[in-house]
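Before any comments, here is the structure.
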Amino acid sequence: MDFLVLFLFYLAFVLMGVVMICICTKTQRLKGLVLGGAQMCSCVVPQPLQRAVQRLLHHLFHTRNHAFVVLHLVLQGLVYSEYTWEVFSYCQGLEFSLHYLLLPYLLLTVNLVFFTLTCSANPGTITKANELLLLQVYEFDEMMFPKNARCFTCDLRKPARSKHCSVCDCCVHRFDHHCVWVNNCIGAWNTRYFLIYLSTLTASAATLAILSTAFLVRLVVVSDLYQKSYIDDLGQFQAVDTFFLIQHLFLTFPRIIFLLGFVLVLSLLLAGYLCFVLYLAATNQTTNEWCRGDWAWCQHCPLGAWSPSAEPQVHQNIHSHGLWSNLREIFLPAAPCYERKKR
């Protein structure tokens with residue numbers, strides 16, 4: 001079964017790639033291996049091609065642009081167009097409940113609303129006007145976030161849990177990461193929108209995968225394909241098995257099978273990432289803090305003094321105050337300390 005084997009290889013390759021990326025972000029030695037591999041490739045690839053690729057990557061990932069936003073909307077439009085033109089119409093013919101068939105459109109509407117909010121909302125830009133207020137929101141741990149740190153690019157004191165985003169060229173309060181898919185930073189004031197956007201996007205992909213699978217299963221059951229037989233290459237009658245059914249469905253409904261494969265892989269990736277984001281929310285961490293947490297060094301440690309034999313200083317999360325308090329902070333961002341005292 002060529003299609004099934006190729007699909008399984010593709011799925012395994014994508015999942016292994018995601019796992020390796022996650023491991024590399026937390027392991028210093030693997031980071032060195034990745035950099036070494038990049039240097040070896042640079043010896044083979046011609047210089048003009050390297051410069052062209054570097055310019056393209058810099059434009060895509062180090063400057064604010066709408067390329068990934070447009071790609072996001074185009075992919076979403078293609079998926080829903082295929083669902084509408086084929087899966088929806090076929091399912092109506094097979095007497096599926098209309099409520100189930102309309103559920104993806106409801107999720108799409110909610111998703112687009114929070115996608116727009118995530119793109120357009122202020123993530124928590126630190127300015128001269130709010131600098132003193134935001135300095136009082138979170139405690140300084142004197143390890144990852146020292147009290148007297150200063151952003152020399154913005155010429156501002158850095159509140160705890162903030163970071164300068166080189167893409168947006170500003171410091172962001174409770175900086176999580178810069179998301180190219182929404183062309184915006186994810187910070188204290190739009191994390192709630194991003195969480196709902198990611199949840200509805202995951203639910204949309206999973207719903208489309210379930211409905212597409214349900215249509216194919218209902219089709220096989222109604223047509224009694226699993227009870228039939230076929231003649232193999234040797235001229236012998238063989239009972240229909242799972243591999244033959246997948247091949248038959250792929251040849252009969254190629255676009256639906258590709259749609260199912262795409263949304264299935266997307267569902268798995270988004271579900272994994274959503275679990276990670278929910279874990280961060282439940283423990284009151286940001287992606288930036290999670291990546292830096294295992295190797296947080298004191299400010300007086302000289303640059304370049306790290307060695308493989310050195311003992312790491314494990315960062316203690318002082319901002320976690322229980323599950324419900326942490327989740328409330330996502331949807332009701334923390335206010336300056338003096339304001340809370342007045343209340």
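The values are calculated or read from the model by the stated rules, or taken from the named source; none is laboratory data. Model, not experiment: these values are computed from the prediction. Cβ: placed from backbone, ideal geometry, glycine included. Neighbour counts: every protein chain shown.
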Screening L75, L132 for residues that are at pLDDT below 95 and closer than 23 Å to L195 by Cα leaves only L75
Per the list (1) surrounded by fewer than 19 Cβ atoms within 10 Å (Cβ to Cβ); (2) not aliphatic (A, V, I, L, M); (3) not in a helix (DSSP H, G or I), residue check on C185 breaks on (1)
Subset of region 265-277, residues surrounded by fewer than 19 Cβ atoms within 10 Å (Cβ to Cβ) and farther than 15 Å from H177 by Cα, comes to V265, L268, L269, A271, G272, C275
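Looking at F250, F244, can you tell me which residue is buried (at least 18 other Cβ atoms within 10 Å of the Cβ), part of a helix (DSSP H, G or I), out of contact with any Asp or Glu (no Cβ under 7 Å at 6 or more places or on another chain) and modelled with pLDDT under 70?
Criteria check complete, one pass: F244.
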Given (1) buried (at least 18 other Cβ atoms within 10 Å of the Cβ); (2) not in a loop (DSSP other than H, G, I, E, B), P123 misses just (2)
| query | Could you say whether any residue in region 123-135 is closer than 30 Å to T202 by Cβ and under 21 Å from the mean Cα position of the chain (by Cα)? | reply | yes
Within region 164-182, residues part of a loop (DSSP other than H, G, I, E, B) and either touching a His at 6+ places or on another chain (Cβ under 7 Å) or of a type in the set (A, V, I, L, M, F, W, C) (or both) come out as S166, V167, C168, F175, V180, W181, V182
Out of all the residues in region 87-104, is one or more within 19 Å of the chain's Cα centre (by Cα), surrounded by 13 or more Cβ atoms within 10 Å (Cβ to Cβ) and at pLDDT 95 or above?
-> no
Subject >> Check on L112, aliphatic (A, V, I, L, M), in a helix (DSSP H, G or I) and touching a Phe, Trp or Tyr at 6+ places or on another chain (Cβ under 6 Å) >> reply: no
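For region 147-163, indicate whether the set of residues that are closer than 25 Å to R328 by Cα and either modelled with pLDDT under 90 or not in a loop (DSSP other than H, G, I, E, B) (or both) is non-empty.
Taking region 147-163 as the starting set, the residues that turn out to be closer than 25 Å to R328 by Cα are 158-163.
Right, trim to either modelled with pLDDT under 90 or not in a loop (DSSP other than H, G, I, E, B) (or both) and you get 163.
Yes, there is a match, as at least one residue in region 147-163 is closer than 25 Å to R328 by Cα and either modelled with pLDDT under 90 or not in a loop (DSSP other than H, G, I, E, B) (or both).
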Scanning region 97-155 for residues that are hydroxyl-bearing (S, T, Y) and closer than 30 Å to I210 by Cβ gives S97, Y100, Y105, T109, T116, T118
Apart from one, (1) free of Cβ contacts under 8 Å to residues at least 60 places away in the same chain; (2) closer than 23 Å to R64 by Cβ all hold for K163; the odd one out is (1)
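Of all residues in region 205-215, which are touching a residue at least 60 places away in the same chain (Cβ under 8 Å) and either within 14 Å of V265 (Cβ to Cβ) or among the aromatic types (F, W, Y) (or both)?
Step one: filter region 205-215 for residues touching a residue at least 60 places away in the same chain (Cβ under 8 Å), giving 205-208, 211-212, 214-215.
Result: A205, A206, L208, S212, F215.
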Of the residues in region 126-146, those that are part of a helix (DSSP H, G or I) and surrounded by 13 or more Cβ atoms within 10 Å (Cβ to Cβ) number 3
